[in-house]
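Student: First, the structure itself, so that you have it in front of you.
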Amino acid sequence: MVRMSAEERRESVIRAAIAEFAQKGFYGTSTEVIAKRVGVSQPYLFRLFPDKKAIFAAASRQCLNDVCRVFAEAAEGLEGEEALHSMANAYTRMITEHPERLQMQMQVHVTVAAAEAEGDHEFGEAVRDGWMKLWDIVQVPLGDETTTFMAYGMLVNTLAAMRFPPGHRVWQDMYPSARIKGQVGQVES
């Protein structure tokens, strides 16, 4: 059996954390369940990350980085409407094939609000910085259409998170590339 490096183990913890936090949020997820999913002890988990907040922050960054990568790759060499449809198709494919990514995004928004309400502004600042990176990636090919694209994206997120099925009338007025083509499924345990 080949042993994983600490970095590989860390990446597996982040993947497990995304799946768990996506289902139960920051407050409903224990580090014990994350450790169990990865097959490590809690003490080992805390050798990789100082605390649960650091695990959540790493999972949040990974999710946002994945969306940034999907948009950047989809828009490469394109502009305007071509870029818009390519990014929309790539994003809807990602959240359909990996629904935990969408659910994690929604959990991040809730957790930022909860942290801010408790006076913890550091997490919110980090998330907003990441979101601005995403904004900038979209703005390069779309320019003035960035706000509209991002607004549609948030609507897509909301409708998909509420599990409106493909073909439902709420999707009818979306531009075709923003429509969910397959069911956004449950995250598997």
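The values are calculated or read from the model by the stated rules, or taken from the named source; none is laboratory data. None of these values were measured; they are calculated from a predicted model. Don't worry about glycine lacking a Cβ; one is built from the backbone with ideal geometry, like all the others, and counts go over all protein chains shown. Heavy atoms of the whole protein, side chains included, go into the accessibility calculation; ligands, DNA and RNA do not. Shrake-Rupley method; radii C 1.70, N 1.55, O 1.52, S 1.80 Å.
Student: Among V170, V112, V127, which is at pLDDT below 90, more than 15 Å from Y91 (Cα to Cα), open to solvent by less than 80 Å² (accessible area, probe 1.4 Å) and part of a helix (DSSP H, G or I)? Can you show your working first?
Tutor: Details: V112 fails: at pLDDT below 90; V127 fails: at pLDDT below 90.
Step by step, each of V170, V112, V127 is checked, and only V170 is at pLDDT below 90, more than 15 Å from Y91 (Cα to Cα), open to solvent by less than 80 Å² (accessible area, probe 1.4 Å) and part of a helix (DSSP H, G or I).
Student: Among the residues of the range 2-42, what is the count of those that are open to solvent by 20 Å² or more (accessible area, probe 1.4 Å) and either touching a Gly at 6+ places or on another chain (Cβ under 7 Å) or on the phi > 0 side of the Ramachandran plot (or both)?
Tutor: Total satisfying the criteria: 1.
Student: Name every residue in the range 1-50 that is in contact (Cβ under 8 Å) with a residue 60 or more places away in the chain and either among the hydrophobic types (A, V, I, L, M, F, W, C) or not in a helix (DSSP H, G or I) (or both), in order of residue number.
Tutor: I18, A19, F21, A22, F26
Student: Check the range 102-119 and report whether any residue there is of a type in the set (S, T, Y) and more than 19 Å from E20 (Cβ to Cβ).
Tutor: no
Student: Within the range 136-154, track down each residue that is loosely packed, with under 13 Cβ neighbours inside 10 Å and not small (G, A, S).
Tutor: Correct list: D136, D144, T147, T148, M154.
Student: Are there any pairs, at least 6 apart or on different chains, whose C-beta atoms fall under 6 Å, with the first in the range 79-98 and open to solvent by 80 Å² or more (accessible area, probe 1.4 Å) and the second at pLDDT 90 or above, and if so, which?
Tutor: Every condition considered, the pairs that remain are E79/P141.
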